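**Q** Starting off with a structure, shown below.
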Amino acid sequence: MSKVWFITGVSRGFGREWALAALERGDSVAGTARDLSTLDDLVVEYPDTFLPLRLDVTDRAGDIAAVRQAADRFGRLDVVINNAGYGQFGMIEELSEEQVRAQFETSVFGALWVTQAALPILRAQGSGHIIQVSSIGGITAFQNLGAYHASKWALEGFSQSLAQEIAPFGLHVTLLEPGTFGTEWAGPSARHATPNSAYTAVREARAVQRSAVPSGDPAATRAAILAVVDAEQPPLRMFLGEFPLAIATADYESRLELWRRWQPIAAAAQGD
């Protein structure tokens, strides 16, 4: 049976590749973008199975309307992917209030509003799969990306709660955690705080670290996304790319060692 997908941020990157993967196998896709002209080729190629929707995910009313429009057009929703996002670069001291709030409006609240809009439809069906596009930066953190990390950690937190809340209704949640890929996340889509020269050495060191990690091909993730949405028991979390597992392993082993070392003091803090 073909599936109906709702995907935010289909104009480029992962969203575009996953929309194509679904459409090419005969599924239907409602895809959102701020600029509908970026979706013209999909409209021409898939006039019956692709629904273009203009959407800024930070608009809660717009999110609700778009999800409803997709369900009305195709009669159901099977896969909801919160993919829209961008990278906010800047050391913590450099970030403005506007920049931090904007990052959260897109990565956290945008995903939350779409999720809330879809849940009544999925619960009524008794089936459905919500996929949140997080990042390796949703479980660890690096210099110069504090606002981005904070937003993805928030996404991870509410999504793990969500997975437990909706499991009794036959619904699933998956957090996808990509490593470095050749999307526009760190390029044209990125935003940058005004640099403070005090952090020049820190910034340069981080740039060297990033350059040492090969960038993946977004098109190569098509098979992975299809495997996840077709799984009878999809994972709560899954990396995309070869390198996130090594990064996460080193980070979590370090955390466990530190927690264990301080556990006697932590336990004593509980009192009698």
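**Q** I'd like the accessible area for LEU23: 1.4 Å probe, protein heavy atoms, all chains in place, Å² to the nearest 10.
**A** Solvent-accessible area, nearest 10 Å²: 10 Å².
**Q** Search the structure for amide H atoms under 5 Å from the amide H of PHE181, placed 1.01 Å from N in the peptide plane, and list their residues when 5 or more places away or on another chain.
**A** Hits under the 5 Å cutoff: GLY216.
**Q** Still on this model: Taking only Cα atoms of the chain, what ratio of Rg to Rh do you get with Rh as the Kirkwood inverse-distance radius?
**A** 1.00
**Q** Can I ask one more? Around LEU145, which amide H atoms from residues at least 5 apart in sequence, or from another chain, sit under 5 Å from its own amide H, with H modelled in the peptide plane?
**A** GLY90
**Q** Could you grab the Rg to Rh ratio for segment 27-180? Cα atoms only, Kirkwood for Rh.
**A** Using Cα coordinates only, the ratio equals 0.99.
**Q** How far apart, in nm, are two points set 7 Å out from the Cα along the Cα-to-Cβ line at ALA220 and at GLN69?
**A** Simple spin-label model gives 3.6 nm for this pair.
**Q** So, one more: Does segment 168-272 come out rounded, prolate or oblate, given a ≥ b ≥ c as the square roots of the eigenvalues of its C-alpha gyration tensor, rounded meaning a/c under 1.5 and, failing that, prolate meaning a/b above b/c?
**A** Oblate is the answer for segment 168-272, as a/c is 1.5 or above yet b/c matches or exceeds a/b.
**Q** Could you give the DSSP H helices of the chain that reach 24 angstrom or more along their long axis (alpha carbon positions) and whose average Kyte-Doolittle hydropathy is no lower than -1.0?
**A** 146-166, 244-261
**Q** Using the Karplus equation 6.51 cos²θ - 1.76 cosθ + 1.60 (θ = phi - 60°), what ³J(HN,Hα) coupling, rounded to whole Hz, does each residue of segment 47-55 give in order, writing x for Gly and Pro?
**A** x, 8, 10, 10, 10, x, 9, 6, 7
**Q** Rounded, prolate or oblate: which fits segment 231-272, taking a ≥ b ≥ c as square roots of the Cα gyration tensor eigenvalues, rounded meaning a/c under 1.5, else prolate when a/b beats b/c?
**A** oblate
**Q** If you find the alpha carbon centre of segment 206-272 and of segment 1-43, how far apart are they in angstrom?
**A** That distance is 28 Å.
**Q** Return the Rg/Rh value of segment 209-260, two decimal places, where both radii are evaluated on C-alpha atoms and Rh is the Kirkwood radius.
**A** 1.09
**Q** Another one. Put a dot 7 Å past each Cα toward the Cβ at ARG76 and ALA267; how far apart are the dots in nm?
**A** 5.2
**Q** Still on this structure, I have one more. What is the ratio of the Cα radius of gyration of segment 1-112 to 2.2 N^0.38 Å, with N the residue count, to two decimals?
**A** 1.14
**Q** Still on this structure, please answer the following. List the residues whose amide H sits under 5 Å from the amide H of PHE50, counting only those 5 or more places along or on another chain, with H placed 1.01 Å from N in the peptide plane.
**A** VAL29
**Q** So what is the relative contact order for the chain, in percent, with contacts set as C-alpha pairs under 8 Å and at least six apart?
**A** 19
**Q** Take the chain, mark every one of the trypsin sites (Lys or Arg not before Pro) that falls in a DSSP loop and has at most 14 other Cβ within 10 Å, then report the longest stretch left between them, sites excluded.
**A** After excluding every exposed loop site, the longest remaining stretch is 35-272.
**Q** May I ask for the distance between the Cα centers of segment 143-157 and segment 89-116, given as a whole number of Å?
**A** Each part's Cα centre sits 9 Å from the other's.
**Q** Testing the spin-label approximation: label points 7 Å from Cα along Cα→Cβ at ALA250 and GLN233. State their distance in nm.
**A** A separation of 3.3 nm, rounded to one decimal place.
**Q** Taking the Cβ-Cβ separation of GLN164 and ALA207 as r and a Förster radius of 30 Å, what is the calculated FRET efficiency to the nearest 0.05?
**A** 0.15
**Q** Oh, and also: Where does the chain land at 222 nm, in deg cm²/dmol rounded to the nearest 500, when only DSSP H runs of n ≥ 4 count, each adding -39500 (n - 2.57), divided by all residues?
**A** -14000 deg cm²/dmol
**Q** Let me ask something additional. Take the Cα gyration tensor of segment 147-205, multiply each eigenvalue by 5, square-root it, and list the three semi-axes largest first, rounded to whole angstrom.
**A** Equivalent ellipsoid semi-axes, largest first: 34, 14, 9 Å.
**Q** Just by accessible area at a 1.4 angstrom probe, what is the order of HIS192, HIS129 from largest to smallest?
**A** HIS192, HIS129
The values are calculated or read from the model by the stated rules, or taken from the named source; none is laboratory data. Model, not experiment: these values are computed from the prediction. Neighbour counts are summed over all protein chains in view; Cβ atoms, including those assigned to glycine, are modelled from backbone coordinates with ideal geometry. Keep in mind that these areas ignore ligands, DNA and RNA; they rest on the heavy atoms of the full protein, side chains included. Shrake-Rupley method; radii C 1.70, N 1.55, O 1.52, S 1.80 Å.
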